[in-house]
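Taking it in order: structure first as structure tokens, then the write-up.
The values are calculated or read from the model by the stated rules, or taken from the named source; none is laboratory data. Since this is a predicted model, take the numbers as computed values, not measurements. Note that each Cβ is placed from the backbone with ideal geometry, even for glycine, and that neighbours are counted across all protein chains shown.
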Amino acid sequence: MAKTQEEIEAERVAAWKAAMAVTEERRKDFAPALHKAVPMYENAPCYDTEELAALQRLGAAIMDTEDRSRRLELIRQFEDLRDSIKMLPDHPEAVQLWPDGVLPSITDYTDNTSLRWNHDPGFRPFLYELLVPEDVTPKGLVVFCAGGDHGAAMFHEGYGSCLDFIEMGYQTILVGNRTNACPWKGQDAAADVSRAIRYARANAERLRIDPDKVALAGFSNGGITGENVIQYFSGEKKMTDIYKDYQPDGLDEYCGAPDAFMCVYGPRYEAAPFSWDGVVYPPVFFAIGREDGAIDNFNYVYPDLVAHNVKVEIHTFAGTPHGQAGVKLLDGYYKYPNFQMWVPLADYFLQDAFKD
């Protein structure tokens, strides 16, 4: 007998809780030290890449260490290294996504004293423009949304991938949005990323791009956010459909959905609801490892996309687990070089999608 959607979701939640239980003691030990490092990872363009890479490698070693006394010693080393890293004197400035006093939200989030989340309730979404040299004609622009609860993932998945695409000739935007389910609702996470897409189009002339050549790349949880951008803000959908008291401004005159979507090991969960009402789904590119548990979600999502006449390109990578985008920044963790092929493949995909 086939499982019901409720049974599938219950099994997924149970597996997630079991995995969390294994690492809970380590997380509690590490959380205070890590929480202070989150802004450094998320503002990666402002710091020396090698220093942040060393910090992230040390953080990974802490979470891999079973012996608690050794783990506590590594945490002290992490704190010393973190505190020694300073901003670059010529660092870029972040752009705030929303005006002062404005942050549309349907999430009730007021406390993070347990440090369960990377972001405190007062977090303000932002973006960085990371651009090609002036003598390079841009192929288009890609907005990058990292996975998980951001933090360290924003360093390698987000910033690292921006560097890869700049090398191929794309303007890039690294977005620090409210993170889906960590703890914000999907609509709030999508509103921030949609705002970044609108920002790109509003500044198309200055950024030297065609406003109809704006793509979105979402990794893991960021991939779910990316599809929520399409679900809630494509076609004729408006911010005021969700946020009734929201006062639109100049950016809301621009389309908030991408012209192409790259979902990197981040398809929506099996049986997760998705409303196709009024949705205009752009061409989508999937990259996922064959040893990635999220591939089961992809096997569910793909027929749904095909049934709705979405143009889909798929690449799977032998032997590759979850979370491998951008890890070439982390010397010593670059164990699956075949996955890096997703970058040039995405270039071909984008150039084809931008012809439409």
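For the stretch 112-147, the candidate set comprises residues that are in a loop (DSSP other than H, G, I, E, B) and hydrophobic (A, V, I, L, M, F, W, C); within that set, the residue that is nearest to SER220 (Cα to Cα) is ALA146. Could you check, for the stretch 339-356, whether at least one of its residues is without any contact (Cβ under 8 Å) to a residue 40 or more places away in the chain, loosely packed, with under 15 Cβ neighbours inside 10 Å and closer than 23 Å to TRP276 by Cα? Among the residues of the stretch 339-356, not one is without any contact (Cβ under 8 Å) to a residue 40 or more places away in the chain, loosely packed, with under 15 Cβ neighbours inside 10 Å and closer than 23 Å to TRP276 by Cα, which makes the answer no. When VAL102 is tested against (1) within 30 Å of THR240 (Cα to Cα); (2) surrounded by 14 or more Cβ atoms within 10 Å (Cβ to Cβ); (3) hydrophobic (A, V, I, L, M, F, W, C), exactly one condition is not met: (2). The single condition from (1) over 21 Å from the mean Cα position of the chain (by Cα); (2) modelled with pLDDT of 95 or more that PHE339 fails is (1).
Please verify whether ILE288 is at pLDDT 95 or above and in a helix (DSSP H, G or I), treating the condition exactly as stated. Considered against the rule, which asks whether it is at pLDDT 95 or above and in a helix (DSSP H, G or I), ILE288 comes out as no.
Name the residues in the stretch 220-255 that are in contact with a Pro (Cβ under 8 Å, 6 or more places away or on another chain), assigned to a helix (DSSP H, G or I) and surrounded by fewer than 15 Cβ atoms within 10 Å (Cβ to Cβ), would you? If the condition is that a residue be in contact with a Pro (Cβ under 8 Å, 6 or more places away or on another chain), assigned to a helix (DSSP H, G or I) and surrounded by fewer than 15 Cβ atoms within 10 Å (Cβ to Cβ), then THR240 is the only one that fits. Within the span defined as the stretch 116-135, one or more residues are surrounded by 18 or more Cβ atoms within 10 Å (Cβ to Cβ), more than 30 Å from GLN351 (Cα to Cα) and touching a helix residue (DSSP H, G or I) at 6+ places or on another chain (Cβ under 8 Å).
Restricting attention to the stretch 79-98, does a residue exist that is of a type in the set (Gly, Ala, Ser), surrounded by fewer than 18 Cβ atoms within 10 Å (Cβ to Cβ) and assigned to a loop (DSSP other than H, G, I, E, B)? For the stretch 79-98, residues of a type in the set (Gly, Ala, Ser), surrounded by fewer than 18 Cβ atoms within 10 Å (Cβ to Cβ) and assigned to a loop (DSSP other than H, G, I, E, B): absent. Residue pairs whose Cβ atoms lie under 9 Å apart, sitting 6 or more positions apart in sequence or on different chains, and linking a residue in the stretch 108-137 that is under 26 Å from ALA191 (Cβ atoms) and touching a residue at least 40 places away in the same chain (Cβ under 8 Å) to a partner that is aromatic (Phe, Trp, Tyr) and assigned to a strand (DSSP E or B), are TYR109/TRP184; HIS119/TRP184; LEU130/PHE144.
When the test is whether a residue is small (Gly, Ala, Ser) and within 21 Å of the chain's Cα centre (by Cα), ALA257 passes it. If you check ASN299, ASN309 for being surrounded by fewer than 16 Cβ atoms within 10 Å (Cβ to Cβ) and either part of a helix (DSSP H, G or I) or not assigned by TED's automatic domain parsing to the domain that holds PHE144 (or both), only one passes: ASN299. Scanning the stretch 25-70 for residues that are hydroxyl-bearing (Ser, Thr, Tyr), in a loop (DSSP other than H, G, I, E, B) and modelled with pLDDT of 95 or more yields one hit, TYR47. Filtering GLY266, GLY278, GLY332 for residues that are in a loop (DSSP other than H, G, I, E, B), on the phi > 0 side of the Ramachandran plot and at pLDDT 95 or above leaves a single hit, GLY278.
Of the candidates HIS156, HIS150, the single residue that is outside any loop (DSSP other than H, G, I, E, B) and not assigned by TED's automatic domain parsing to the domain that holds GLU42 is HIS156. Looking at this structure, is ASN203 surrounded by 24 or more Cβ atoms within 10 Å (Cβ to Cβ), in contact with an Asp or Glu (Cβ under 9 Å, 6 or more places away or on another chain) and of a type outside the set (Ser, Thr, Tyr)? When the stated conditions are applied, ASN203 does not pass them. Hey, any hits in the stretch 269-282 for a residue that's buried (at least 22 other Cβ atoms within 10 Å of the Cβ) and not acidic (Asp, Glu)? For the stretch 269-282, residues buried (at least 22 other Cβ atoms within 10 Å of the Cβ) and not acidic (Asp, Glu): absent. Scanning the stretch 167-196 for residues that are in contact with a His (Cβ under 9 Å, 6 or more places away or on another chain) and either crowded, with 24+ Cβ neighbours inside 10 Å or in a strand (DSSP E or B) (or both) returns GLY176, ASN177, ARG178, THR179, TRP184.
Scanning the stretch 205-227 for residues being in contact with a strand residue (DSSP E or B) (Cβ under 8 Å, 6 or more places away or on another chain) and in contact (Cβ under 8 Å) with a residue 60 or more places away in the chain gives a total of 16. Take GLU227 and tell me if it is within 17 Å of the chain's Cα centre (by Cα) and of a type in the set (Asp, Glu). Yes; evaluated as a whole, the condition is true for this residue.
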